[in-house]
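Notes to accompany the following structure.
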Amino acid sequence: MSSEKILVVDDDQNICELLRLYLEKEDYSVVIANDGASAVSTFNAENPALVLLDIMLPKLDGWQVCREIRKFSEVPIIMLTAKGEVFDRVLGLELGADDYVVKPFDAKEVIARIKAVLRRSASSMADEVKEVHYDKLSINLTNYELKVNGTQVDTPPKEMELIFHLAKNPNRVFTRDQLLDEVWGFDYYGDSRTVDVHIKRLREKLDGVSDKWELRTVWGVGYKFETRE
């Protein structure tokens, strides 16, 4: 078996067994949880490389499970949803999901998504130390630490990744769609307000810290991390 372990979380036993069959054919090892509470405990016990996470679950729903995992882990999460509304996709992005698949799905498509997400994750892990420094600001994406005036500021993972992406490309303007693609890691078609939500939260932490840089809105285009001499 591959050393890469997949946690499948779904209350439908048929779906779990179908996914197990396809995943094991691809040499992944598979563990299964059928409700949200056991998903969290199984995640802690098994340390999987990726989580396939249904939304409609007993005890804790998929959103709650995603929140719990993201409190302490950046392991990739692919959401399984039978709904597909824009609201669901936006919420998944905001909570830190890496991708989503809408039911009913083709198992081969799920395998392809898993391989793509794991490739991105492995590539990210292999990168050098990810750290940028500006006046009164330090962003370390290796340790997921944001420091303002030398003091660490609690910052959710996607906010960290967003500010790092902007700050490592100073004075470059990004559209919302570019940020969704480059920070969240997959093409996203729909409501891009999730970027605005994350920018707003970052501004609450960073506005007024220094006169040498600023997180700026470029009206009608997007956002940039502007530096000044």
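Just a yes or no: is a residue in the stretch 121-132 under 29 Å from Asp207 (Cα atoms), open to solvent by less than 70 Å² (accessible area, probe 1.4 Å) and either out of contact with any Leu (no Cβ under 7 Å at 6 or more places or on another chain) or aliphatic (A, V, I, L, M) (or both)?
yes
Take the stretch 96-111 and flag every residue that is open to solvent by 30 Å² or more (accessible area, probe 1.4 Å) and over 13 Å from Leu50 (Cα atoms).
Val102, Lys103, Pro104, Phe105, Asp106, Lys108, Glu109
Restricting to the stretch 19-44, give me the number of residues that are of a type in the set (Ser, Thr, Tyr) and under 19 Å from Arg113 (Cβ atoms).
Of the residues in the stretch 19-44, 3 are of a type in the set (Ser, Thr, Tyr) and under 19 Å from Arg113 (Cβ atoms).
Out of everything in the stretch 133-142 that is more than 25 Å from Leu95 (Cβ to Cβ) and not aromatic (Phe, Trp, Tyr), what residue ends up being surrounded by the most Cβ atoms within 10 Å (Cβ to Cβ)?
Leu137
Taking only the stretch 143-162 into account, find how many residues are in a strand (DSSP E or B) and open to solvent by less than 60 Å² (accessible area, probe 1.4 Å).
4
Might you let me know whether the stretch 191-214 holds any residue that is farther than 17 Å from His133 by Cα, in a loop (DSSP other than H, G, I, E, B) and at pLDDT below 95?
The answer is yes; a qualifying residue exists.
Can you tell me which residue in the stretch 33-75 is nearest to Asn143 (Cα to Cα), limited to those that are touching an Asp or Glu at 6+ places or on another chain (Cβ under 8 Å) and open to solvent by 40 Å² or more (accessible area, probe 1.4 Å)?
So, considering only residues that are touching an Asp or Glu at 6+ places or on another chain (Cβ under 8 Å) and open to solvent by 40 Å² or more (accessible area, probe 1.4 Å), the one nearest to Asn143 (Cα to Cα) is Leu60.
Within the stretch 163-182, can you find the residues that are open to solvent by less than 60 Å² (accessible area, probe 1.4 Å) and touching a Phe, Trp or Tyr at 6+ places or on another chain (Cβ under 9 Å)?
Result: Ile163, His165, Leu166, Ala167, Asn169, Pro170, Val173, Phe174, Thr175, Leu179, Leu180.
The values are calculated or read from the model by the stated rules, or taken from the named source; none is laboratory data. Bear in mind that the values here come from a model prediction, so they are computed numbers and not experimental data. Every residue, glycine among them, receives a Cβ derived from its backbone with ideal geometry; neighbour counts consider all protein chains shown. Areas reflect the complete protein model, heavy atoms only, side chains present, ligands, DNA and RNA absent. Shrake-Rupley method; radii C 1.70, N 1.55, O 1.52, S 1.80 Å.
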